[in-house]
Amino acid sequence: MEKILVIGAAGQIGSELILELRKQYGNANVFASDIKDAPAYIKESGPFQMLDVMDERHLIHFVIRNKITQIYHLAAVLSGNAEKLPLQAWSINMNSLINVLEVARMVEDVHKVFWPSSIAVFGPSTPKEDTPQVTIMEPTTVYGISKMAGERWCDYYFNRYGVDVRSIRYPGLISYKTEPGGGTTDYAVEIYFEAIRKGFYECFLGENTRLPMMFMPDAIEATVALMEVPRDEVYFHTGYNITGFDTTPAEMTKSIQKHIPGFSISYKTDFRQEIADSWPDTIDDHYARSHNHWKSKYDLEATTRIMLEEVKKKLRREV
Ligand code: AKB
């Protein structure tokens, strides 16, 4: 019987992954946790616990008491916010991961860990097109440095202690349930909300900034697929490259204008432009597709259609 702990369950990935895991493993067996309160649908559909992953003693007691067998550690400070407080972001991103890896090493019942990596592991010296799985990684952001170091720690704990930790290098994730906070790819979510709210968006990245993106249902499916692969078939314990599609603010604008012809955009770039410029344009994810038997289903047009419908419904409910 699997007992799963999701840390950061109220965040952008967690708030959707929790529902999928509860569907698969049963509501009572998937424990949501976060440092902040969670939406009602998370608290009402299964167990929820306020938990600070930086508090290793609390974490280990919780894991032992609830006989946890798998941990999904999703809490992190994203790229934009991390640049504002680099040392604090480093401490949170690294120490929280080490706490989870240590708990997995010490508690025998815990046999699988998931931790999200990011395209931020790449940097300006990485090949920009079809960025390979194994390539130059010289990230220039503190978030990217923490993800790159985190990947090495995951691989280390697997090789040294046999901790079966798995990871995905997520591209920008587009979702309507929970908005991201403090990332460089956040514009790709904000643009839909502002299109519905105001019919106008001021973008903090330049019009032709190309980045890899993915609609959240694809990301959830890819995550679940990776976690289902038998242990001896997981080739990379660092992080798997994955991608849905690649796009620019100008292309997203055109895609939205097919549904909202009056939608307009202006550009006022900030410090996040430099971060975006250091990341890949497109990603080669053939290992994730062949090893994890997974394939992206949503392109930009499908994402736009669903995002606009769902954001409209969400904002109507909030009025
Ligand atoms: C960010 O923009 O910081 C994240 C990421 C690509 O990891 N969405």
- prompt: For the chain, what size does the Cα cloud have along each of its three principal axes, sorted from largest down, in whole Å?
  reply: 57, 46, 38
message: Rounded to whole Å, give me the distance from the Cα center of segment 263-319 to that of segment 12-31.
response: 22
- prompt: Where a Cα-Cα gap under 17 Å defines reach, which aspartates and glutamates qualify for Lys314, not counting those fewer than 8 residues away within the same chain?
  reply: Glu16, Glu179, Glu190, Glu194
Inter-site label distance for Asn159 and Val229 at 7 Å from Cα along Cβ, in nm: 1.8
statement: Surpassing 32 Å at the alpha-carbon level, of the pairs Lys147/Lys268; Lys3/Lys312; Lys112/Lys254, are Lys3/Lys312; Lys112/Lys254
message: Please give the charge dipole size of segment 3-133, origin at the Cα centre, charges +1 on K and R Cβ atoms and -1 on D and E Cβ atoms. Round to the nearest 20 debye.
response: 280
- prompt: Based on the Cβ-Cβ distance of Lys312 and Asn66, what FRET efficiency does E = 1/(1 + (r/R0)^6) give at R0 = 51 Å, to the nearest 0.05?
  reply: 0.85
query: With axes computed from alpha carbons, what is the tilt in degrees of helix 142-161 against the longest principal axis of the chain, rounded to the nearest 10 within 0 to 90?
result: 30
field: In sequence order, calculated HN-Hα J values of segment 115-122 (Karplus, 6.51, -1.76, 1.60; Hz; x Gly/Pro)
entry: 9, x, 9, 7, 4, 5, 5, 8
task: Please give the helix 216-228 orientation as an angle from the longest Cα principal axis of the chain, in degrees from 0 to 90, rounded to the nearest 10.
output: 20
task: Fewest Cβ neighbours within 10 Å first, please rank Glu151, Glu207 accordingly.
output: Glu207, Glu151
query: Going 7 Å from the Cα of Lys84 in the Cα-to-Cβ direction, what parts of segment 181-200 have a backbone nitrogen less than 16 Å from that spot?
result: 181-187
- prompt: Which order results if Ile64, Ile275 are arranged by neighbouring Cβ count within 10 Å, fewest first?
  reply: Ile64, Ile275
query: What nm value, rounded to one decimal, do you get for the distance between Tyr287 and Gln24 when each label is placed 7 Å out toward the C-beta?
result: 2.1
task: Report, by chain and number, residues whose modeled amide H sits under 5 Å from the one on Arg166, excluding near sequence neighbours (fewer than 5 apart, same chain).
output: Val113, Phe114, Trp115
message: Taking 0.36 nm per residue of sequence separation and subtracting the Cα-Cα distance, how much length would be gained by fully extending the chain between Lys297 and Asn95, in nm to one decimal?
response: 69.2 nm
Exposure proxy order (Cβ contacts within 10 Å, fewest to most) of Phe271, Phe122: Phe271, Phe122
task: Could you calculate the FRET efficiency of Asp109 with Arg305 from 1/(1 + (r/R0)^6), where r is the beta carbon distance between them and R0 is 41 Å, rounded to 0.05?
output: 0.40
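Rule-based calculations on the coordinates, nothing more; no lab input. Only a predicted model underlies this, so the values are computations on that prediction, with no experimental measurement involved. Don't worry about glycine lacking a Cβ; one is built from the backbone with ideal geometry, like all the others, and counts go over all protein chains shown.
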